[in-house]
Amino acid sequence: MSATEDELLVLESIYPDYVAAQSVDSQSGQTSLRLEVPVHLTPRKRLRIIEEHNLQAATDSSQELDLGVLPPLLLHFVLPAGYPESEPPEIVSISTSFSWLHRPRNLQVKLLELWVEGEGVLCAWIEYLENGMFFDDLDDLRSGDRDTLRLLHPTPQQLKAHLVEHEKTVQSSKFASSAFTCSLCFDAFSGAKCCQIQSCGHVFCRGCLEDFWKLLIREGDVSRITCPDPECVKKAIPAAEDDVRRVVTQEELERLRWLREKQMYDKDPSVIPCPLPFCQRPVPRPAVTEAEAASGWDRLRTCPSCSYSFCAYCKRTWHGTISHCPVPFAETFLLGYLAMEEDSEGRRAIERRYGRVNVLRLVKQHEEDSENDKWFRASTTPCPGCEIRVQKSHGCNHMTCVKCKQHFCYRCGQRLHPSNVYKHFSTPGRSCYMKLFDEATDTEWEPMDAFEDFT
């Protein structure tokens, strides 16, 4: 076996995926090879793509990005009969996908300089190209910063898009061909049947993620749609929509968007739902100046979905800043009726006009509503963040609002600092000092016989 045949055998055994084509000319004895060598940048490097015909204005037209892999170099060469003893390889062409290498002729010269008479050079070529060592030897690819490479191209923006897409394709192909163990079911799967979370890199099988996320979307618990890894669950970082899209249906994805939007608006007490029954879209407070807010323009809301303009106070069609909110007719009518003396002529006139039974029914309903509202306000404490009212059944007086996550004291309604919520109850002189728990009454204590036996 000749030295050339021996080297080709070693090349195919070490780099089988890099040999794109190989042929031998029976008459001349020359061997023609085509190599496709990917270029790995380890560690990742910063690339600055400059428009080749506009070098003076490089800062205006250049594009920058971080990459870990470049499209492969396509190397076509011929091994003459005297290789490797007396003749070097004859390089026919060097090309790249998307023409990211500006001057391949310069690289060809550097490759030929690596040949040493009597020694094979093919594996050295692949290592030189694969590891990107040629960037240090080509002046047109170097920039002032050692960690930044410079590429010249007629259309930098298009080349950037091609390079980013190529890296994604390489990463997806590598991921799909690898094997992973799902952290939920502990079964092994190929990458094609798994999903990798973008924010943290954790890998789970599609079946587990599908069951987990679809259940949460169906139940409306969007705050728990995170990476299922315990550490990520503690951080409560929401899963990216691109990750969720890979395992749920379009209908479920639309519901997730709606739930997340609703959750975002629920945390803001200034957001008001559209009063129209068929819409109900959350409407945020408009951005107004202090002067506009003082004049009443901050009450104007315009629904971004149905374009309905309404007043934030009375929820009726926008009536301007001068006109007062209209009082409901029933409320005006009842207050006037109750202000009159019993058996007065005014009351009898109203009863004759609207019917005594109807009037008394409205009065009874009004009194019940008033009593309910009185009891509601006396038995609950409003959250100082969003004004939602909370009723405590038992436990301590430290409250956390389920809507806006505000910490507050149930006894006095004061806001509590999240980093030290119990300072409010341990500071002498305050009304809630030593009042973290309300004192139990005698009727609440029921001694146990087992305890009485030891006394």
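A few notes on this one:
- Test: residue in the range 20-40 that is touching a residue at least 40 places away in the same chain (Cβ under 8 Å), among the charged types (D, E, K, R) and either farther than 16 Å from Leu159 by Cα or in a helix (DSSP H, G or I) (or both): yes
- Within the range 1-51, the set of residues being of a type in the set (Ser, Thr, Tyr) and within 36 Å of the chain's Cα centre (by Cα) comprises just one member, Thr42.
- Here the range 379-399 is the region considered, the condition is being hydroxyl-bearing (Ser, Thr, Tyr) and either part of a loop (DSSP other than H, G, I, E, B) or touching an Asp or Glu at 6+ places or on another chain (Cβ under 9 Å) (or both), and the residue that is nearest to Leu436 (Cα to Cα) is Ser393.
- Neighbours by Cβ (under 8 Å, 6+ apart or cross-chain): first from the range 211-222, in contact (Cβ under 8 Å) with a residue 24 or more places away in the chain; second polar (S, T, N, Q): Val222/Gln263
- Some residue of the range 314-322 being of a type in the set (D, E, K, R), over 40 Å from the mean Cα position of the chain (by Cα), under 30 Å from Leu360 (Cβ atoms) and surrounded by fewer than 13 Cβ atoms within 10 Å (Cβ to Cβ): no
- When Thr4 is tested against (1) in contact (Cβ under 8 Å) with a residue 40 or more places away in the chain; (2) assigned to a strand (DSSP E or B); (3) surrounded by 17 or more Cβ atoms within 10 Å (Cβ to Cβ), just one condition goes unmet, and that condition is (2).
- Lone unmet requirement of (1) free of Cβ contacts under 8 Å to residues at least 60 places away in the same chain; (2) in contact with a strand residue (DSSP E or B) (Cβ under 8 Å, 6 or more places away or on another chain) for Ser13: (2)
- Options Phe310, Phe376, Phe408; residue that is surrounded by 13 or more Cβ atoms within 10 Å (Cβ to Cβ) and either assigned by TED's automatic domain parsing to the domain that holds Asp438 or closer than 30 Å to Leu436 by Cα (or both): Phe408
- Screening Lys435 with (1) part of a loop (DSSP other than H, G, I, E, B); (2) exposed (fewer than 15 other Cβ atoms within 10 Å of the Cβ) gives one miss only, at (2).
Every residue, every condition in (1) surrounded by fewer than 16 Cβ atoms within 10 Å (Cβ to Cβ); (2) assigned to a loop (DSSP other than H, G, I, E, B); (3) among the hydrophobic types (A, V, I, L, M, F, W, C), yes or no:
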| residue | (1), (2), (3) |
| --- | --- |
| Val247 | no, yes, yes |
| Arg257 | yes, no, no |
| Met264 | yes, no, yes |
| Leu276 | yes, yes, yes |
| Pro286 | yes, yes, no |
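- Pair list, Cβ < 7 Å and 6+ apart or interchain, from the range 376-395 residues that are free of Cβ contacts under 8 Å to residues at least 12 places away in the same chain to residues that are among the β-branched types (Val, Ile, Thr) and in a strand (DSSP E or B): Thr380/Val390
So that you can scan it fast, the table gives a plain yes or no per residue for (1) under 26 Å from the mean Cα position of the chain (by Cα); (2) more than 24 Å from Cys227 (Cβ to Cβ):
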{"site": "Phe135", "(1), (2)": "no, yes"}
{"site": "Pro156", "(1), (2)": "no, yes"}
{"site": "His162", "(1), (2)": "yes, yes"}
{"site": "Ser173", "(1), (2)": "yes, no"}
{"site": "Leu184", "(1), (2)": "yes, no"}
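- Counted residues, the range 353-371 - those being small (Gly, Ala, Ser) and either under 49 Å from the mean Cα position of the chain (by Cα) or in a helix (DSSP H, G or I) (or both): 1
- Of residues in the range 288-311 being at pLDDT 85 or above and either out of contact with any Lys or Arg (no Cβ under 9 Å at 6 or more places or on another chain) or not in a strand (DSSP E or B) (or both), the one farthest from Glu261 (Cα to Cα): Leu300
- Residue in the range 211-221 that is touching a strand residue (DSSP E or B) at 6+ places or on another chain (Cβ under 7 Å) and closer than 19 Å to Gln250 by Cβ present: no
- Looking across the range 59-118, just one residue is among the small types (Gly, Ala, Ser) and either touching a Cys at 6+ places or on another chain (Cβ under 8 Å) or crowded, with 18+ Cβ neighbours inside 10 Å (or both), and that is Ser62.
The values are calculated or read from the model by the stated rules, or taken from the named source; none is laboratory data. As the structure is a computational prediction, the values presented were derived from the model and not from experiment. Note that each Cβ is placed from the backbone with ideal geometry, even for glycine, and that neighbours are counted across all protein chains shown.
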